[in-house]
Amino acid sequence: MATPDGAGRTNQKLRTRTAILTAARELIETGGDVTMPAIARAALVSEATAYRYFADLPSLISEALAGAWPPPDQALAPVADSTDPVERIAFACDFLLRGILARQGSVRAMIAATVTRPESVAARPGIRFGLIDQALRPLEDTLGASDPDAFAQLKRGLAVVVSAEALFVLTDLCRLDPEEAVASAVGTAVALTRAALAPTTT
């Protein structure tokens, strides 16, 4: 049976952990930079304390974002009745990139951390893959059955385009404003999908 002191310590640990997660979520929602020192300050704990509860920033961000993105079928509900993979992938790409823009501080922090520490890449949520799979579901019994290699290559190509990395190349390096960047990425995703569906000519 837990002693009063033991129960008190357990409750305090839970409150501290909750405070860190809440601070992380609130910081993520601002779209600004997300760092462990900033989260610790917002949670009114030391940075060392934050690291005692979360081994690294990716694991904290990953837990803070749990449930922030809807499941792929819910995300694509507005195009659920469409059997056109081009329309569906355009919607999926737009949905993902706008969600990234709203949370870009945390997304940039996650990318930076996993580039420098590849072993932490498992903490990245990989939202794009579920959205791409859901968007291309109408092709599973057609292209997926007749040419599985081409279907797999289409998914790989889309994973490059329907991504935070592509969005940040367009905004940071190509100097596009966010709306132009989203439109450019959506256009590329649509072009890739149309090319995969085009009949092969000899």
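The values are calculated or read from the model by the stated rules, or taken from the named source; none is laboratory data. What you see is a predicted model; the values in this text were computed from it and never measured. All Cβ positions, even for glycine, are placed from backbone atoms using ideal geometry, and neighbour counts span all protein chains on display. Note: accessible area is taken over every heavy atom of the protein model, side chains too, but ligands, DNA and RNA are not part of it. Shrake-Rupley method; radii C 1.70, N 1.55, O 1.52, S 1.80 Å.
Pick from Ser82, Ser163, Ser146 the residue whose mean-square fluctuation is largest in a GNM of the chain, springs joining Cα atoms under 10 Å. Of Ser82, Ser163, Ser146, the most mobile in the Gaussian network model is Ser146.
Seen from Arg17, the other residues with C-beta closer than 14 Å to its C-beta sum to a net charge of +4, counting Lys and Arg as +1 and Asp and Glu as -1. Simple rule: put +1 on each Lys or Arg Cβ and -1 on each Asp or Glu Cβ in the stretch 1-157, find the dipole, and look at Gly130, Val45, Ala66; the Cα lying farthest toward the positive end is Val45. How high is the relative contact order of the chain, in percent, with contacts defined as C-alpha pairs under 8 Å that are six or more residues apart? In percent, rounded to a whole number, it is 22.
Taking every protein chain into account, the 1.4 Å probe leaves Cys174 with about 70 Å² of accessible area, to the nearest ten.
Where only DSSP H runs of four or more residues are counted, the chain gives -21000 deg cm²/dmol as its mean residue ellipticity at 222 nm, each run worth -39500 (n - 2.57).
Note on Asp84 and Tyr51: the extension gain reaches 7.2 nm, defined as 0.36 nm multiplied by sequence separation minus the Cα-Cα distance. Averaging the Cα positions of each part gives two centres, and for the stretch 17-33 and the stretch 151-172 these lie 27 Å apart. Which one, Val186, Ser163, Ala77, projects farthest toward the positive side of the charge dipole computed for the stretch 75-195 from Cβ point charges (K/R +1, D/E -1)? Among Val186, Ser163, Ala77, the one farthest towards the positive end of the dipole of the stretch 75-195 is Ser163.
Of all accessible surface on the stretch 25-74 at a 1.4 Å probe, what whole percent is carbon and sulfur? Result for the stretch 25-74: 52 percent of the exposed heavy-atom area is carbon or sulfur.
Over 24 Å apart: what share of the alpha carbon pairs of the chain falls there, rounded to a whole percent? So the portion of pairs separated by more than 24 Å is 50 percent. Averaged per residue, the chain has 55 square angstrom of accessible surface, using a 1.4 angstrom probe with ligands and nucleic acids left out. PRE reach from Asp94 (point 7 Å along Cα→Cβ): which of the stretch 171-189 fall under 20 Å by backbone N? Under cut-off, by backbone N: 171, 176-189. The magnitude of the dipole of the chain, with charges of +1 and -1 set on the Cβ of Lys/Arg and Asp/Glu and taken from the Cα centre, is near 820 debye. In the stretch 1-112, inverting the average of 1/r over every pair of distinct C-alpha atoms gives 16.0 Å as the Kirkwood radius. If you build a Gaussian network model of the chain, linking Cα atoms that sit under 10 Å apart, which residue out of Val34, Val162, Val79 swings the most? Of Val34, Val162, Val79, the most mobile in the Gaussian network model is Val79. Among the helices of the chain, those built from whole DSSP H runs whose Cα atoms reach 27 Å or more along their own axis and whose mean Kyte-Doolittle hydropathy is at least 0.0 are 178-197.
Sorting the segments 48-59, 100-111, 181-192 by their mean number of nearby beta carbons within 10 angstrom, highest to lowest, gives 100-111, 181-192, 48-59.
The label-point distance for Ala150 and Val115, in a model that sets each label 7 Å from Cα toward Cβ, rounds to 3.5 nm.
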